[in-house]
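The values are calculated or read from the model by the stated rules, or taken from the named source; none is laboratory data. Values in this document were obtained by computation on a predicted structure and should not be read as measured data. Cβ placement follows ideal geometry from the backbone for every residue including glycine, while neighbour counts extend to all protein chains displayed. Heavy atoms of the whole protein, side chains included, go into the accessibility calculation; ligands, DNA and RNA do not. Shrake-Rupley method; radii C 1.70, N 1.55, O 1.52, S 1.80 Å.
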Amino acid sequence: METIDTITGMQKRSEELRLSGKTIALVPTMGFFHEGHLELMRVGRHLADKLIVSIFVNPTQFGPSEDFEEYPRDMEGDLEKAREVGVDLAFIPAAEEMYPDGFQTNVTVEGISKYLCGISRPHFFGGIATIVTKLFNITKPHLSIFGEKDFQQLAVIHRMVKDLDMGIEIVGVPTVREPDGLAMSSRNSCLSSEERRSALSLKKSIDMANDMVGGGEKDAAGIISAIQALISSHLFTKIDYISICDPITMEDKATIEGECLLALAVKIGKTRLIDNCLIDID
Ligand code: PAF
């Protein structure tokens, strides 16, 4: 597996690959790999000739009081795992390489960025859209793979690629879960064992909502208040949002009809977790 840490080096390598007729898949990541990341890589490996993984904890998608410094990192372990899963090339730039002095351009996806995570993290999707655009321009992929756990991120990237005619195929991969249902996340490593138990309230909420809908419940407010009660009955939990919304526009839905997204963000102690599922009754 090659590793490259400069933008010009990466662009040159990707250009060579393209000129030799190879298709390129990119898995953009912030590292600290778990099974969810490895699954994205396995999908990418099957869909293209060459698989690039980027590892970069992107400072611009963290707010001033968020966990940028504490975000877990393990470059050596990550490179080992990437090698084992068959990644061809790891792009591992430093922050100064990606954001040199004088940097002043931002990509903003209006509309959908303002809902859900965008309410408590107003800087978040602008930071993501900007870094993902840069990563696309640097690695020149034909396709790029993202996890459905970050459902809104995936929707923002889809919108951006379409609106800016980027010509890159975006592939979503279903959430990978721990045996007890907890959605895999690098942030799970920040949970104490007691918090880890409370973190299960997210998946329990999703299961309960699906049961309620299966039993005929159509009122979004009724489902949301049942989820509120369930999550609040667990220690250390602080709900950021519980939303039942349209999976494309992210606008709230009052009634369960057509395809609906149930999305949750909950702080467990200091650790903010998200989870979601599509509810489709038709
Ligand atoms: O999903 C992530 O890990 C990040 O938001 C991404 C897409 C790598 C951008 O920094």
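Taken as a whole, the condition of being part of a helix (DSSP H, G or I), within 11 Å of the ligand (Cβ to nearest atom) and open to solvent by less than 40 Å² (accessible area, probe 1.4 Å) applies to Ile157.
The set of residues from region 42-89 being within 13 Å of the ligand (Cβ to nearest atom) and of a type in the set (Gly, Ala, Ser) comprises just one member, Ser54. Looking only at residues of region 129-143 that are in contact with a helix residue (DSSP H, G or I) (Cβ under 7 Å, 6 or more places away or on another chain) and over 20 Å from Thr60 (Cα atoms), we find that the one that is surrounded by the most Cβ atoms within 10 Å (Cβ to Cβ) is Lys140. The requirement of being within 19 Å of Arg42 (Cβ to Cβ) and either away from the ligand (no atom under 16 Å from the Cβ) or open to solvent by 30 Å² or more (accessible area, probe 1.4 Å) (or both) is fulfilled nowhere in region 188-199; no residue meets it. If you check Gly127, Gly118, which single one turns out to be within 12 Å of the ligand (Cβ to nearest atom), within 15 Å of the chain's Cα centre (by Cα), modelled with pLDDT of 95 or more and not in a loop (DSSP other than H, G, I, E, B)? Of Gly127, Gly118, the one residue that is within 12 Å of the ligand (Cβ to nearest atom), within 15 Å of the chain's Cα centre (by Cα), modelled with pLDDT of 95 or more and not in a loop (DSSP other than H, G, I, E, B) is Gly127.
Residues in region 3-41 that are away from the ligand (no atom under 16 Å from the Cβ) and open to solvent by 70 Å² or more (accessible area, probe 1.4 Å): 10 in all. Quick check: is even one residue across region 171-188 assigned to a strand (DSSP E or B) and under 19 Å from Phe124 (Cβ atoms)? Yes, region 171-188 has at least one match. Select from region 205-259 the residues that are part of a helix (DSSP H, G or I), out of contact with any strand residue (DSSP E or B) (no Cβ under 9 Å at 6 or more places or on another chain), closer than 15 Å to Asp280 by Cα and open to solvent by less than 60 Å² (accessible area, probe 1.4 Å) and list them in ascending order. Those that are part of a helix (DSSP H, G or I), out of contact with any strand residue (DSSP E or B) (no Cβ under 9 Å at 6 or more places or on another chain), closer than 15 Å to Asp280 by Cα and open to solvent by less than 60 Å² (accessible area, probe 1.4 Å): Met208, Met212.
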